[in-house]
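I have placed the structure first, in the form of structure tokens, so that the comments after it can refer back to it.
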């Protein structure tokens, strides 16, 4: 871990690093940031001047990240108060905090601050990976890294990351925790689309391919408008260089989401992320986790359980999240399940790219909107018919009432005329 100068001289304490800078070859930086020794593809330190890896790209954009002092972040979290703790993982704990604007004016900005556990075995490597990758990437569906803290003091090395604050926690929370209202069908589709767009950007829209390697529902965070953003880039890796088919690396990730071909061979490709995405699509459909030990044995593994209910079968609806209570598109659900199945194909080369997944999801959402519009038009037409009938009935009633009143008026006139004639007859009789 001597790639950055603050690891080389630990005798200087209480200092704040302005930015992680390169002091040695890119090869060591690449290895330190997670490229395993057994990597078989071209290294990011290739002599080719045409290829630029994450380290080179990071050098260009590092200035966009803000360097915080440990004291600033300690104050921002009220000394890392347990009351402000909003998450915890293998890397460390995450706290809600507030920081000042760079200019020093305006209202404080809410942020999420992740603090490295000193005893985390992979912590330093993952911290650097996050700084590097999030310092390079920029997309509406990727969480924004605002800055970091890398300071050495009498208590040891402090490593922290500062992200934009995501008030609605994660997709995992909304799917599986009863404290949240069930996500509507359209919202689930939009979250799935946003997450797919984030992965497609990493795979196909950067100068260097990035393999996320830890796609799961807990890493899909939701902002105030439930817009999804991928977080936690500690396990991210550069994809294979030109001419290579894969990256050979130690198998890491989360059980239940990792592609079987990657687990068996250690060969990492972008299609490994596609498999993980297919798992999450089925979580979105079913409202079940990829692995649930408290269920009957045949239902514990989500992918084994759903095999009994193919998308085109009559039993397919049995797997749908009961929280929907029928308020979803069955035809759309079948299409999503078929898309998930294509992501879960055994052979990686047979799986779609994330760009293809994005296009398919857009079509599914468009079909749903058109289906919904057609239903609304039918309902509107039916309402128009009912209203017309009611008006006709009202009109008929009005006509009948008018006729009746006219009839009564004539009867009254007839009675009055008869009474007048009778009075006149009586008067004639009494005349002397």
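Just so it is clear, none of the values below were taken in a lab; they were calculated from the coordinates. This is a predicted model, so every value here is computed, not measured. Every residue, glycine among them, receives a Cβ derived from its backbone with ideal geometry; neighbour counts consider all protein chains shown.
When each of the peptides 295-303, 181-189 is scored by the mean number of other C-beta atoms lying within 10 Å of its residues, the order from highest to lowest reads 181-189, 295-303.
Ranked by how many other Cβ atoms sit within 10 Å of their own Cβ, fewest first, the residues 273, 214 fall in the order 214, 273. Packing here is the average count of other Cβ atoms within 10 Å per residue, and on that basis the peptides 124-131, 51-58, highest first, run 124-131, 51-58. The calculated FRET efficiency for residue 144 paired with residue 318, based on their beta-carbon distance and R0 = 41 Å, is about 0.50. With neighbours defined as other Cβ atoms within 10 Å of a residue's Cβ, the residues 233, 91, 324 order from fewest to most as 324, 91, 233. Projected label points at residue 86 and residue 245, each 7 Å from Cα along the beta carbon direction, are separated by 4.4 nanometres. Largest first, the extents of the alpha carbon coordinates of segment 252-307 on the three principal axes equal 33, 20, 18 Å.
Taking segment 53-160, how much of its Cα-Cα pair set, in percent, is spaced more than 24 angstrom apart? More than 24 Å apart: 24 percent of the Cα pairs in segment 53-160.
Label sites at residue 164 and residue 100, each approximated as a point 7 angstrom past Cα along Cα to Cβ, lie 2.4 nm apart. For segment 154-206, the Cα gyration tensor yields ellipsoid semi-axes of 29, 21, 8 Å (square root of five times each eigenvalue, largest first, whole Å). Each of the peptides 326-338, 234-246 was scored by the mean count of other Cβ atoms within 10 Å over its residues; in descending order, highest first, they stand as 234-246, 326-338.
Here the extension length gained between residue 366 and residue 207 equals 54.1 nm, from 0.36 nm per residue of separation less the Cα-Cα distance.
The eigenvalues of the Cα gyration tensor, multiplied by 5 and square-rooted, give segment 178-242 an equivalent ellipsoid with semi-axes of 27, 13, 8 Å from largest to smallest.
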